[in-house]
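The values are calculated or read from the model by the stated rules, or taken from the named source; none is laboratory data. These figures come from a predicted structure and were not determined experimentally. All Cβ positions, glycine included, derive from the backbone under ideal geometry; neighbour counts span all protein chains shown.
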Amino acid sequence: MTENRWQVASRKGHARPSGEDQGVVSFLRALVAPDTAALGVWVTEARPDAHWAEWLSHHQLAPCAFYRLRQASALASLPAEFVGALRGIYYNAVGTAELHTRELAGALDVLSAAGVIPVLFKGAVLAYTAYPDPTCRPMGDLDLWIDLEAMPRAQAALESLGYVQHLKAERPVALQAQREGEIQLMGRAPGSGLVELHWGVFAGEWLHRAAAVDDGGIRGRAVSVTIAGRPALMLAPEDAIIQLAAHLAVSHQMAAPGLRGLLDVVLLARSHPVDWQAVAERARGWRVAAATWLVLDLADALFGLPDAEAAIAGLRPHRMRRGLLGRFVDADSMLAGRDLTHGPLRFIYQLLLVDRTRDAAWLLGRALWPEDGWLALRYGIVTPSIRWRHLFAALRGQV
């Protein structure tokens, strides 16, 4: 018997929850609906089991699902095994969210004392401004964008709290600085975790070589916000949507928790007024149109993003590119949690996201045969053996 596309996607990723595909999409749309009536309708039609809870947890949607189902007074109508599994995940997330909030408050306090007001992005701001409750948005670290001149002061301030720089051989600090990456600081006190101080919000080789992001404009449009009772900055909604899209599509290749990444975009758009024409214009101008289109199109297909229809149409790549991208990522593969982050296929997928053909050729060439300066930053030395070692690793998809 021939496998259908859904079965293939599930085999390559994480199995979908039981039930028809449309029932899963109905749940996702109900999850973000302004009221809880749609969730009530879903509850009367679905019989989710513990496997549903496992699937929601895999995509980091379980805390938000439990919160919204409780808002809808629907828990008593659902199977006990499903509710019990979700409840355990949710209350574990409650404790984790409280620790994150306290850690973020402490970091903002010590940074403010050092004269540094960071731009918070991704989960560090979405949990408090886009989601109904911080518990609903799991996160593994806190992401803070720091001005170049303030970076030494910011690092010293956090080190005064006991944070220690975490170094990775494959991610040298000098190379991170050149590619708008981050300094990773690990907390040693109980309840503390990873804080990342970023030189920018559009990091990595792909964006450095294939895009033309206006960092100065982004910084100038950052808006004031109060998080955990402390002053901070956040990206303008239009810039945040493009940043989330590029991060999910390019840096994470739409891998799990990809659905949570799409949910980030949808809830951000529903909680803040968005100029979708500006989103489309900036994405095209920054040469991240295909990546932004892919995320917005999938967010619309799975969760619903009606106000963005004109922007999605304006960013849509030509039919051949859409067809090729669809072989790597589509709604089915997102629900199944297909993982492209390892192996050479991810490079082909990333090349398909490059807006201009000449940029794709440049990106490919430098991925395989980088400049001496890049090799020196990455490996600490430039020799023929290092260059060939890098080439073979790149061909295997291991860099």
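Some observations on this one:
Okay, residues lined up against (1) surrounded by 17 or more Cβ atoms within 10 Å (Cβ to Cβ); (2) more than 29 Å from F27 (Cβ to Cβ); (3) modelled with pLDDT under 90; (4) touching a strand residue (DSSP E or B) at 6+ places or on another chain (Cβ under 6 Å):
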| position | (1), (2), (3), (4) |
| --- | --- |
| R316 | no, no, no, no |
| R322 | no, no, no, no |
| L325 | yes, no, no, no |
| D332 | yes, no, no, no |
| Q350 | yes, yes, no, no |
| L377 | yes, yes, no, no |
| R396 | no, yes, yes, no |
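- When the residues of region 374-399 are filtered to those that are part of a loop (DSSP other than H, G, I, E, B) and over 25 Å from I348 (Cβ atoms), the one that is farthest from the chain's Cα centre (by Cα) is T383.
- The single condition among (1) at positive phi; (2) surrounded by fewer than 21 Cβ atoms within 10 Å (Cβ to Cβ) that H252 does not satisfy is (1).
- In the set (1) part of a helix (DSSP H, G or I); (2) touching a residue at least 40 places away in the same chain (Cβ under 8 Å); (3) closer than 28 Å to A33 by Cβ; (4) of a type in the set (D, E, K, R), R366 fails one condition alone, (3).
- Members of region 204-249 found to be β-branched (V, I, T) and crowded, with 17+ Cβ neighbours inside 10 Å, listed by number: V213, I218, I227, I241, I242
- Scan of region 176-203 for residues that are surrounded by fewer than 17 Cβ atoms within 10 Å (Cβ to Cβ), touching a residue at least 40 places away in the same chain (Cβ under 8 Å) and farther than 28 Å from E98 by Cα, ordered by number: Q178
- Number of residues in region 234-290 that are within 18 Å of Y128 (Cβ to Cβ), of a type in the set (A, V, I, L, M, F, W, C) and part of a helix (DSSP H, G or I): the value is 9.
- Qualifying residue in region 124-145 (condition: under 16 Å from L197 (Cβ atoms), of a type in the set (D, E) and not in a helix (DSSP H, G or I)): yes
- Cross-chain or 6+ apart pairs with Cβ under 6 Å, region 320-347 first and under 10 Å from Q253 (Cα atoms) and part of a helix (DSSP H, G or I), then modelled with pLDDT of 95 or more and among the acidic types (D, E): none
- Close pairs (7 angstrom Cβ cut-off, 6 or more residues apart or separate chains): under 14 Å from L104 (Cβ atoms) and without any contact (Cβ under 8 Å) to a residue 40 or more places away in the chain in region 126-142, charged (D, E, K, R) and part of a loop (DSSP other than H, G, I, E, B) anywhere: A127/R137
- The residue that is surrounded by the most Cβ atoms within 10 Å (Cβ to Cβ), counting only those in region 18-71 that are in a helix (DSSP H, G or I) and of a type in the set (K, R), is R68.
- Residue within region 103-122 that is surrounded by fewer than 22 Cβ atoms within 10 Å (Cβ to Cβ), part of a loop (DSSP other than H, G, I, E, B), touching a residue at least 12 places away in the same chain (Cβ under 8 Å) and not β-branched (V, I, T) present: yes
- Qualifying residue in region 187-206 (condition: part of a helix (DSSP H, G or I), farther than 23 Å from A127 by Cα and not β-branched (V, I, T)): yes
- Contact map, region 28-42: residues that are more than 24 Å from M334 (Cβ to Cβ) paired with residues that are modelled with pLDDT of 90 or more and of a type in the set (K, R), Cβ distance under 8 Å, separation 6+ or inter-chain. Pairs shown: T36/R68.
- Residue list for region 383-394, restricted to those being among the β-branched types (V, I, T) and surrounded by 15 or more Cβ atoms within 10 Å (Cβ to Cβ): I386
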